[in-house]
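Below is one structure, written out as structure tokens; the observations come after it.
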Amino acid sequence: MQTLEVAVVGSGPAGLYTAEALIKQAAALEVPRQIRVDVLDRLPTPYGLVRYGVAPDHKSIKSIAEYLRNVLEHEGVSFVGGVHLGDDVTREDLLACYDAVVYATGAMRDRQLGVPGEDLPGSVAATDFVNWYCGHPDVDPAAFSLDAESVAVIGVGNVAVDVARILVRPAEDLRETDVSQPVLDALMASKVREVHMIGRRGPAQAKFTTKELRELGELSGVDVVVGDGEADLDAFDPTGESARLATADRHVRGNYTVISGWAGREAAGHPRRLTVRFWLRPVEIHGSQRVTGLTLERTRLGADGRLTGTGELETLDVQMVLRSVGYQSVPLPGVPFDAASHIVPNLAGGS
């Protein structure tokens, strides 16, 4: 029986788990099938976000690379780095050489806020900042000087939590990690003293995990506080859905326990502060040569459950804005792409 040849474009977790699944399923068939999987990546090193998207102080998550390495060491799997789709090889080349091609390149571009001032110097995609502190080869190690004293992080997911933690964490804590020396030097010289982490909705709708959230409150030398009244589940949600989720949903209940604990304690006067804000959305980033402020509008849920603005505005004196409000895939050369939904068109998972 002829060996099935498959190419997987992308060597992050999705690509390597795909390779593993193909090997296992081929072996589990009633008549086992011989299969070879070539995993291609434009970078010379594998593991994608595990290598370049996980904060250096999260050693337990980075250890996933050890598991993924076992996939690459399987005799039926090969890694081919430094191959850029569209430059070094085309989609047509791959289809001519393989029985099947799987695209696992992920969502590489941040979503825009769509507000005035978003393109000012100092207004940055969180992905760029993450790539910087993770040592991604696409990013200049000197890209960030961290001369802002106050920073706004827009978003309340795990990426926002990672970014906020790296900004307020004592840089000395990172010495034993794999962070690069230029990045460590920049973090040691950081002038950041205050970080605002801002969500459009409330604590019951936030996307971070409880473990990551709890770690924020354990940082030495950092006060973690919650915006005044913003931990109140009923204050901005007349539908009662937030309160219901905080009781019925285990994940939300864990998050809310942490958040309400922060809301109920006094600041200790530590040198750095992280303020967690809810029910606020950006409407304008201010500045001429660089970011000097951020205006937010108070939000709430209507009776129909839709998010609405109240017209109540607040301006923060910040010198840097990092957006972390979701990600989008980008078109691959020669591969069909749905520009509206930012995905490769597919039927039952097949492109």
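The values are calculated or read from the model by the stated rules, or taken from the named source; none is laboratory data. Quick caveat, the model's predicted, so the values are computed rather than measured. Quick reminder, even Gly has a Cβ in these numbers, built from the backbone with ideal geometry, and neighbours come from all protein chains shown. These accessible areas exclude ligands, DNA and RNA; they are computed on the full protein's heavy atoms, side chains included. Shrake-Rupley method; radii C 1.70, N 1.55, O 1.52, S 1.80 Å.
Within the range 56-79, not a single residue is of a type in the set (S, T, Y), in contact (Cβ under 8 Å) with a residue 60 or more places away in the chain and within 24 Å of L4 (Cβ to Cβ).
Of V6, V37, V50, which residue is modelled with pLDDT under 90 and either outside any strand (DSSP E or B) or more than 26 Å from D178 (Cβ to Cβ) (or both)? Let's see the steps before the verdict.
Working: V6 fails: modelled with pLDDT under 90; V37 fails: modelled with pLDDT under 90.
Criteria check complete, one pass: V50.
Taking the numbered list (1) of a type outside the set (D, E, K, R); (2) in contact with an Asp or Glu (Cβ under 7 Å, 6 or more places away or on another chain); (3) open to solvent by 70 Å² or more (accessible area, probe 1.4 Å) in turn, M188 passes all entries but (2). When restricted to residues that are open to solvent by less than 70 Å² (accessible area, probe 1.4 Å), acidic (D, E) and touching a Leu at 6+ places or on another chain (Cβ under 8 Å), the range 242-299 contains 1.
Determine whether D162 is under 15 Å from the mean Cα position of the chain (by Cα), of a type in the set (D, E) and crowded, with 22+ Cβ neighbours inside 10 Å. Yes: the conditions hold for D162. You will find that of A164, A148, the residue that is modelled with pLDDT of 95 or more, in a loop (DSSP other than H, G, I, E, B) and under 20 Å from H270 (Cβ atoms) is A148 and no other. Of everything listed in (1) within 30 Å of A160 (Cα to Cα); (2) open to solvent by 20 Å² or more (accessible area, probe 1.4 Å); (3) touching a Phe, Trp or Tyr at 6+ places or on another chain (Cβ under 7 Å), the single unmet condition for A14 is (3). Annotation for the range 83-105: at least one member residue is in contact with a strand residue (DSSP E or B) (Cβ under 8 Å, 6 or more places away or on another chain), surrounded by fewer than 18 Cβ atoms within 10 Å (Cβ to Cβ), assigned to a loop (DSSP other than H, G, I, E, B) and not hydrophobic (A, V, I, L, M, F, W, C).
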